[in-house]
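The values are calculated or read from the model by the stated rules, or taken from the named source; none is laboratory data. Given the structure is predicted, the values throughout are model-derived calculations rather than measurements. As a convention, Cβ positions derive from the backbone with ideal geometry for all residues, glycine included, and neighbour counts pool all protein chains shown.
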Amino acid sequence: MLLAFFGLFGFMRGSGETPASVVAKTPSAPVDTMLQTPAADVVPAPQAAPDPVLTPVADPAPVPVAEVLPEVDGPLNREQVRQLLDVRMFANLTEKNLILPVADGILQVETSLDPDLQNFLLAGLDRKNSRHVGIVAMDPVSGRVLALAGFDRTDAACNPCLQSGFPAASIFKIVTAATAVDLLGYSADSPMHFNGGKHTLYKGQLTERVDRNTTTVPFAEAFADSINPVFGKLGELRLGRPLLERAAATFGFNQPLDFDVSLPPSRFQVSGDPYHWAEIASGFNRQTTISPLHGAALVAAILNEGRMPSQTVVERIADEEGEVIYQAGLVPGRQIMTPRAAGELARMMEATIVTGTARKAFRGHETDAVLANLSLGGKTGSISNTTRDVRYDWFVGYAKERQGNRQLVVSVMVGHEDFIGTRAGEYARRAISHYFSAPAMVLGGPGAPVDGI
């Protein structure tokens, strides 16, 4: 019944319309069918051919289906909010507030989005060369989502920021590295050995062999340069299937995110093949998937001494008379790595910006009027889809003031098509530069932006 809100999505994504134009339409199919049955599997019932002897009879007019809107009575808790909201309501909002029809009127939903940042990012999306773009900006302490800027060429009502079907690629190296620090005692300075190329993953590279052809680098450099055989050896020779499964569960795979809207979980699956452990640990596979929102939450843990915050996009909900029936509170989140691991990961991510795979995107940051005042960290990833007509490009990272309290986490996924347009790292740089160019918000009343966010 809650999918009855689909009719107002155009209002939510557009600008300049009035609440009077909002019309909620009831889905044409039962809710259970829409949620559980893939469109490709829906086979219409066969229709008998008309008997040529009989006079054709006009089909009866369809019976109107009554519009079903949810009834809301009294204060709401977070689980009730999840039942009210649908992911497609957040497809490229340009305003901070939503109007939500209910059985006895409307609800006014105030989001946590920063309209200035959101609209800046939406205006800069490369729609010509991209099949998908998802940009999430988040306050790492509170988990408040400040931007959900997305584009999906295949479905205009879809926001890739909240979709979990994109291959995680080398973003999963964050999970592997943190697990190696916490469970195996590694640090950013630990010497790591590999033979052959940095970005290949042959079985012959996954051995303990150390000879005159072996390259030895600190763990931070292996992370910054995204050296696949180093992480493949960690997966196959050190962690193995049980610890990889444990790590994926700890970092939130195969389970719903603690978010205001129900989302499909990021996916992780590992076989009994040791080479597959290497592929998983290095991100050299297409089966491990993640959403940009989840990517932002993982990075937030690095700034929170290992605690991944609950994510929120709803500040408060009021009824038609303005009475607040839901107010977001600070949800503690959960510990996914130790403070020591978070510190070591921060060192690795900072090396990625300075000397690693993100150095081009952030070239000149040391002398940039805005970026020079920030500590920056990141992780990149890239992989093609199975048909090789989309190249997924990732950047997840953070920025925090060297002298001040403001921090920002950014997670960007771009699905490039025939030509490489704007890359994920460039979007991230734009988001960080724009956000920290604006003056800090000041503390206000209940539900106002937190000081320094």
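Test Ala300 against the stated conditions and say whether it is modelled with pLDDT of 95 or more, in contact with a helix residue (DSSP H, G or I) (Cβ under 6 Å, 6 or more places away or on another chain) and within 21 Å of Ala431 (Cα to Cα).
On the way: modelled with pLDDT of 95 or more: yes; in contact with a helix residue (DSSP H, G or I) (Cβ under 6 Å, 6 or more places away or on another chain): no; within 21 Å of Ala431 (Cα to Cα): yes.
So Ala300 fails the test.
As a summary of the residue check, Val145 satisfies the conditions (1) under 30 Å from Phe419 (Cα atoms); (2) within 21 Å of the chain's Cα centre (by Cα) except for the one numbered (1).
Checked against (1) touching a strand residue (DSSP E or B) at 6+ places or on another chain (Cβ under 6 Å); (2) of a type in the set (A, V, I, L, M, F, W, C); (3) modelled with pLDDT under 95, Ile432 passes all but condition (3). Summed over segment 315-366, residues that are under 28 Å from Ser382 (Cα atoms) and β-branched (Val, Ile, Thr) total 7.
So, Ser271, is that one in contact with a Phe, Trp or Tyr (Cβ under 9 Å, 6 or more places away or on another chain) and either charged (D, E, K, R) or closer than 26 Å to Leu408 by Cα (or both) or not? Judged against the criteria, Ser271 is not a match.
Pairs are defined by a Cβ separation below 6 Å, a sequence spacing of at least 6 or placement on different chains, a first member in segment 309-328 that is touching a residue at least 40 places away in the same chain (Cβ under 8 Å), and a second member that is β-branched (Val, Ile, Thr) and part of a loop (DSSP other than H, G, I, E, B); the pairs so defined are Ser310/Val331.
Looking for something among the small types (Gly, Ala, Ser), touching a strand residue (DSSP E or B) at 6+ places or on another chain (Cβ under 6 Å) and either at pLDDT 95 or above or in a loop (DSSP other than H, G, I, E, B) (or both) - is there at least one such residue anywhere in segment 169-192? Don't jump to the end; show me each part of the working.
Going residue by residue through segment 169-192, those that are among the small types (Gly, Ala, Ser) are 169-170, 177-178, 180, 185, 187-188, 190.
Retained after the next criterion (residues that are touching a strand residue (DSSP E or B) at 6+ places or on another chain (Cβ under 6 Å)): 169-170.
Cutting the leftovers down to either at pLDDT 95 or above or in a loop (DSSP other than H, G, I, E, B) (or both) gives us 169-170.
Looking for residues that are among the small types (Gly, Ala, Ser), touching a strand residue (DSSP E or B) at 6+ places or on another chain (Cβ under 6 Å) and either at pLDDT 95 or above or in a loop (DSSP other than H, G, I, E, B) (or both), one finds at least one in segment 169-192, hence yes.
Scanning segment 57-91 for residues that are of a type outside the set (Val, Ile, Thr), part of a loop (DSSP other than H, G, I, E, B), at pLDDT below 90 and touching a strand residue (DSSP E or B) at 6+ places or on another chain (Cβ under 6 Å) turns up Leu69, Pro70.
Look at segment 364-378: where a residue is at pLDDT 95 or above and a partner is among the acidic types (Asp, Glu) and not in a loop (DSSP other than H, G, I, E, B), sitting 6+ places away or on another chain with Cβ atoms under 9 Å, you get Asn373/Glu401; Leu374/Glu401; Ser375/Glu350; Ser375/Glu401; Leu376/Glu350; Gly377/Glu350; Gly378/Glu350.
Residues to consider are Val314, Val324; find the one that is modelled with pLDDT of 95 or more and more than 17 Å from the chain's Cα centre (by Cα). Break it down into steps so the answer makes sense when it comes.
Working: Val314 fails: more than 17 Å from the chain's Cα centre (by Cα).
Going through Val314, Val324 in turn, just one is modelled with pLDDT of 95 or more and more than 17 Å from the chain's Cα centre (by Cα): Val324.
Of all residues in segment 217-274, those being of a type in the set (Asp, Glu), in contact with a Ser or Thr (Cβ under 7 Å, 6 or more places away or on another chain) and farther than 23 Å from Gly397 by Cβ number 1. Going residue by residue through segment 204-218, is there one that turns out to be in contact (Cβ under 8 Å) with a residue 12 or more places away in the chain, closer than 25 Å to Arg340 by Cβ and either surrounded by 14 or more Cβ atoms within 10 Å (Cβ to Cβ) or charged (D, E, K, R) (or both)? Yes, because at least one residue in segment 204-218 is in contact (Cβ under 8 Å) with a residue 12 or more places away in the chain, closer than 25 Å to Arg340 by Cβ and either surrounded by 14 or more Cβ atoms within 10 Å (Cβ to Cβ) or charged (D, E, K, R) (or both).
Those helices (runs of 4 or more DSSP H) of segment 219-321 in which 1 or more residues are surrounded by fewer than 20 Cβ atoms within 10 Å (Cβ to Cβ) and basic (Lys, Arg) occupy 240-250. Scanning segment 147-166 for residues that are under 19 Å from Ser112 (Cα atoms) and either in contact with a helix residue (DSSP H, G or I) (Cβ under 6 Å, 6 or more places away or on another chain) or among the basic types (Lys, Arg) (or both) yields Ala147, Leu148, Ala149, Gly150, Asn159, Cys161, Leu162.
Remark: pairs (first residue in segment 153-181, within 20 Å of Thr250 (Cα to Cα) and in contact (Cβ under 8 Å) with a residue 12 or more places away in the chain; second residue in a helix (DSSP H, G or I) and acidic (Asp, Glu); Cβ separation under 6 Å; 6+ apart in sequence or on different chains) = Val181/Glu344.
Restricting attention to segment 236-246, does a residue exist that is modelled with pLDDT of 95 or more, basic (Lys, Arg) and under 30 Å from Leu84 (Cβ atoms)?
Step one: filter segment 236-246 for residues modelled with pLDDT of 95 or more, giving 236-246.
Among the residues that remain, those that are also basic (Lys, Arg) are: 238, 241, 246.
Imposing the further condition that a residue be under 30 Å from Leu84 (Cβ atoms) reduces the set to none.
So far as segment 236-246 goes, no, none of its residues is modelled with pLDDT of 95 or more, basic (Lys, Arg) and under 30 Å from Leu84 (Cβ atoms).
Yes or no: segment 93-113 includes at least one residue that is closer than 30 Å to Phe436 by Cβ and in a helix (DSSP H, G or I). Scanning segment 93-113, I find no residue that is closer than 30 Å to Phe436 by Cβ and in a helix (DSSP H, G or I), so the answer is no. Checked against (1) touching a helix residue (DSSP H, G or I) at 6+ places or on another chain (Cβ under 9 Å); (2) modelled with pLDDT under 95; (3) surrounded by fewer than 19 Cβ atoms within 10 Å (Cβ to Cβ), Glu417 meets all criteria but (1).
Checking the condition outside any helix (DSSP H, G or I), hydroxyl-bearing (Ser, Thr, Tyr) and at pLDDT 95 or above, which residue from Thr207, Thr154 passes?
Of the residues listed, the single one that is outside any helix (DSSP H, G or I), hydroxyl-bearing (Ser, Thr, Tyr) and at pLDDT 95 or above is Thr207.
If only residues of segment 329-341 that are at pLDDT 95 or above and hydrophobic (A, V, I, L, M, F, W, C) are counted, the one that is nearest to the chain's Cα centre (by Cα) is Ile336.
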